[in-house]
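The values are calculated or read from the model by the stated rules, or taken from the named source; none is laboratory data. All of these numbers come straight from a predicted model, not from anything done at the bench. Positions of Cβ are backbone-derived with ideal geometry, glycine not excepted, and every protein chain shown enters the neighbour counts. Protein only, heavy atoms only, side chains kept; ligands, DNA and RNA dropped before computing areas. Shrake-Rupley method; radii C 1.70, N 1.55, O 1.52, S 1.80 Å.
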Amino acid sequence: MPKKVLIVEDNELNMKLFADLLEAHGYETRQTREGLKAIAIARNFKPDLILMDIQLPEVSGLEVTKWIKDDPSLASIPVIAVTAFAMKGDEKRIRDGGCEDYIAKPITVSSFLAKIRKFAEVA
Amino acid sequence: MTVTIHQPDRSNIIDKWPVFLPSLIWLLALLATLLAVALRGGDILALLPFALAAAIPGLLGLILSRFTNREWAQILLMLSWAGLAVMACVTMGFMPSALIFIAVPAIASLFQREKVLEAIIIASLIGAITWFAGRLGYLPAPPFMDSALGRVANLAVMSGLLAFILATLFGTASRRSQASMDTERTYWRDGVEGGLFEYDAEDRLIGTNEQGAAQFGGQPPNYLLNFLPTEHADRSAFMASIDSARRTRQAQALRISHDASGLAANYDIRVTPLASKGWLVHAHDRTDDEAQLEVLRQQGATFAQDSTDKTLFFAGVSHELRTPLNAIIGFSDMMRSRLFGPLPGKYAEYADLIHESGQHMLDLIGDVLDLSRVEAGRYELNYDTFDAADVIRSSIKMIRPAADAAEVVIDVNLDLDQALLIQADRRAVRQILLNLLSNAVKFSNKGGRVDVDAQAIDGDLELTVTDTGVGMSAEELAHIGDPYAQGQAGQLSDKRGTGLGLSLVQSLTKLHHGKMDVRSIKGEGTRVKIILPLQVD
């Protein structure tokens, strides 16, 4: 039974990068570019992990994370933020927003996979 | 320099006594003469017309000293005395000398007010000529000339005259020094920026300077308590200042927001109690200063806004750039790890190059962002005490792979027994080191060598990175710390460019109140020395 990862990411290339990388390593992925749709997909897909881009066009990834954490059926799913906000204080802001961990763009393949593995395997 | 505009007459006894005192002495001398005559059994009645005539200047002097202009009183008095002296000396009779008595004031009136001494000399000359004329027989013989009474009368007249001359000379001298003081006062009054108003112990205006008069349209208030009109908005504050100045004997300062005519304006007022119990009021118009300050403030705000805009722009751009970089670095990384199978030789190398370039671009973006933050004053230092040697070792570890690839040897000279404890921003120090090291490696030729040396000297951390690389020309050295110059000079075409990295190193060093020293010889190498204080002040 492969582990399932929901990827919320608005950039097409980054989405492809994450999806290819994860699928090559045996994960099953579901993708959406819209934060608003993420909740419905998550309820249906029941992922082991959610990769959340913070800068989304309509609602912020942090907002979506808040909805997920407020929903009893989803609250236990780890959310890993993926963002290019590599500024001081961003990490704190993201963790305070309810995300379990944080990956800065651009990613390094090895450390990216290590982090995914850490959270997905636990679930 | 112009003279004082408003200078009311001083009612000071010092200025009056050159008239008053001689007049008194004269009258006393006259009285003594009459007394002497009476004691000797002389004919007082016969002397009375002379005595009355002689008393006129004395009485005149007493009256003039109270009312009349000082200089004129002196001249009139002196002349009438001179006439009387002539009369007494020559004739001790009235009629023959009446001509001189009248003529001398007429001559004296030709003189200017200030020529008191000259008037004395002329009058004395006339007196002497008359006296000689009498002695030579051109004038009728004086009736009492040879009597004891005559000598006593002469003595009295001479002593009165002498007293007057001395008093006049003294008065002139003191008036001159007063005048020079006034002149001096005028000079410094006019030299002072703003209006100056001097009030005496009775709160009356003594003087002001040009600017002060101008502030009140030429009519400065005559009394201190009227300095601000009753309807003036700041009057109560001004009165309170005077009160506390009176109480404490300390100068008081206040800012008023209206001028004398009630228009909005800014004046700095300073009320200073003087040793003479008088007051000095200084009113400095700050209205224009305020306006200029406001302009500067706005300019400053605009600059700050520009700078903030720039920082936000760089932050935005940095974010925009990282998104495609993620794909570049990520996909090339996947290719390098041959995730989907083997890669033919050259392509594997290209994947490596794409990945490496992506990483380099990422570093550059970071540097640009940091530099813009430093320039906008938004790079906040998080002070922390740590061992600089640790940071040096970990930085070298990070740069080692690149050095190995470039076949450059890194040699570290660190005192292993001693911790290099420093109070600084760890991340900034690491950034400084990484930039210096990567520059040194980047600009070294194959087989080159980079020396890293760190030691604590006199409360500073001295960090030196020396390479045997390509070095910099004098012109290139001059552009360090000016990242925007690099684009013009086209140095980027050379290797990967140093300007950005070194500029950032310099900015971060400055933020720590440290110093950067760069020595370089083209073709021989570069030595960069960073001096950071070990302790924050």
query = Who wins for biggest fluctuation among A:28, A:100, A:58 in a Gaussian network model of chain A, springs between alpha carbons below 10 Å?
reply = A:58
query = Is the stretch B:193-285 best put as rounded, prolate or oblate by its Cα gyration tensor, with a ≥ b ≥ c the root eigenvalues, rounded for a/c under 1.5, and otherwise prolate when a/b is larger than b/c, oblate when not?
reply = oblate
ask   = What list of ³J(HN,Hα) values in whole Hz, one per residue of the stretch B:341-349 in order, does the Karplus curve 6.51 cos²θ - 1.76 cosθ + 1.60 (θ = phi - 60°) give from phi, with Gly and Pro shown as x?
value = x, x, 10, x, x, 4, 5, 4, 5
ask   = What is the sum of charges around residue A:79, taking Lys and Arg as +1, Asp and Glu as -1, for the other residues whose C-beta is under 9 Å from the C-beta of residue A:79?
value = -1
ask   = Normalised by the number of residues in chain A, what is the relative contact order in percent for Cα pairs under 8 Å and 6+ residues apart?
value = 23 percent
key: Cβ neighbours within 10 Å from other chains - mean over B:334-347   = 1
ask   = At a 1.4 Å probe, what is the % contribution of carbon and sulfur to the accessible area of the stretch B:267-350?
value = 61 percent
ask   = How much net charge surrounds residue B:267 when only the other residues with a Cβ under 15 Å from the Cβ of residue B:267 are counted, with Lys and Arg +1 and Asp and Glu -1?
value = -4
message = Give the residue list of trypsin sites (Lys or Arg not before Pro) in the stretch B:338-387 that are DSSP loop and have at most 15 other beta-carbon atoms within 10 angstrom.
response = B:338, B:378
query = Among rounded, prolate and oblate, which fits the stretch B:352-462 when a ≥ b ≥ c are the square roots of the eigenvalues of its C-alpha gyration tensor, a/c under 1.5 means rounded, and a/b larger than b/c means prolate?
reply = oblate
request  = Return the long-range amide H neighbours of residue B:258 (sequence gap of 5 or more, or a different chain), with a cut-off of under 5 Å between placed amide H atoms.
outcome  = B:265, B:267
note = Those chymotrypsin sites (Phe, Trp or Tyr not before Pro) from the stretch B:185-249 that are DSSP loop and have at most 15 other Cβ neighbours within 10 Å turn out to be none
3J(HN,Hα) from dihedral phi, the stretch A:23-39, Karplus parametrisation 6.51/-1.76/1.60, rounded to Hz, x for glycine, proline = 5, 4, 9, x, 8, 9, 10, 10, 10, 8, 9, 10, x, 4, 7, 4, 4
Choice from A:24, A:84, A:104 showing the highest fluctuation, given a GNM over chain A with Cα pairs closer than 10 Å = A:24
remark   = For residue B:461, other-chain or 5+-apart residues with amide H closer than 5 Å (H placed, Pro excluded) are B:532, B:534
inquiry  = Classify chain A from the C-alpha gyration tensor, please: rounded if a/c falls under 1.5, else prolate or oblate depending on whether a/b exceeds b/c.
reply    = rounded
remark   = Per the charge dipole of the stretch B:287-358 (beta-carbon charges, Lys/Arg positive, Asp/Glu negative, Cα centre), the residue among B:299, B:317, B:340 reaching farthest to the positive end is B:340
remark   = Expected integer from the mean partner chain Cβ neighbour count at 10 Å over A:9-19 is 3
query = What quantity of accessible surface, computed with a 1.4 Å probe and excluding non-protein components, is buried in total between chains B and A, in Å² to the nearest 100?
reply = 1800 Å²
remark   = Rounded to 0.05, the calculated FRET efficiency for the beta carbons of residue B:363 and residue A:71 at R₀ = 30 Å is 0.15
task = For every other residue with a beta carbon closer than 15 angstrom to the beta carbon of residue B:459, add +1 if it is Lys or Arg and -1 if Asp or Glu, then tell me the sum.
result = -3
note = Losing no less than 30 Å² of accessible area (probe 1.4 Å) relative to the isolated chain, the residues of the stretch B:302-328 are B:319, B:322, B:323, B:326, B:327
ask   = When the dipole is taken about the Cα centre of the stretch B:383-533, and only Lys, Arg (+1) and Asp, Glu (-1) are charged at their Cβ, what size is it in debye, to the nearest 20?
value = 500 debye
remark   = For residue B:450, other-chain or 5+-apart residues with amide H closer than 5 Å (H placed, Pro excluded) are B:409, B:410, B:411
remark   = Ordering B:267-278, B:243-254, B:318-329, B:296-307 by per-residue average of other C-beta atoms within 10 angstrom, highest first, gives B:318-329, B:267-278, B:243-254, B:296-307
